[in-house]
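Taking it in order: structure first as structure tokens, then the write-up.
The values are calculated or read from the model by the stated rules, or taken from the named source; none is laboratory data. Note that the coordinates shown come from a computational prediction; the quantities given were computed from them, not determined experimentally. Cβ coordinates were reconstructed from backbone atoms using ideal geometry, including for glycine residues, and neighbour counts include every protein chain displayed. Keep in mind that these areas ignore ligands, DNA and RNA; they rest on the heavy atoms of the full protein, side chains included. Shrake-Rupley method; radii C 1.70, N 1.55, O 1.52, S 1.80 Å.
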Amino acid sequence: MANLKIPQNIEDIGYASFAYCNLKNVKLPKSIKNLGEAAFGYNRNMEQIEIEEGIEKIISEINAAKKISY
């Protein structure tokens, strides 16, 4: 799986939900309220995480992405 777009109705992504999934690009909708620790951890080829406004709590290893946009 290279690209992941989370649907608008999802509010929570749990601990390590997408760890080791070989993701490159992720788009998170504004419906996300909580992003669990290591939700996208260990995706060594991560290039971009796009975060829409509204996410209240981010506890994750998202800083491995080459680009994070809000």
Query - Virtual spin-label span in nm between Asn45 and Gln8, 7 Å along Cα→Cβ - result: 3.1 nm
Query - Solvent exposure, largest accessible area first (probe 1.4 Å, DNA, RNA and ligands not counted), of Lys5, Lys30 - result: Lys5, Lys30
Query raised in the report: For segment 3-43, rounded, prolate or oblate, judged on the Cα gyration tensor with a ≥ b ≥ c (square roots of eigenvalues), a/c < 1.5 rounded, else prolate if a/b > b/c?
Result: oblate
Requested in this report: Would you mind calculating the gained length between Lys24 and Glu52 on full extension (0.36 nm times residue separation, minus the Cα-Cα distance), in nm to one decimal?
Outcome: 8.3 nm
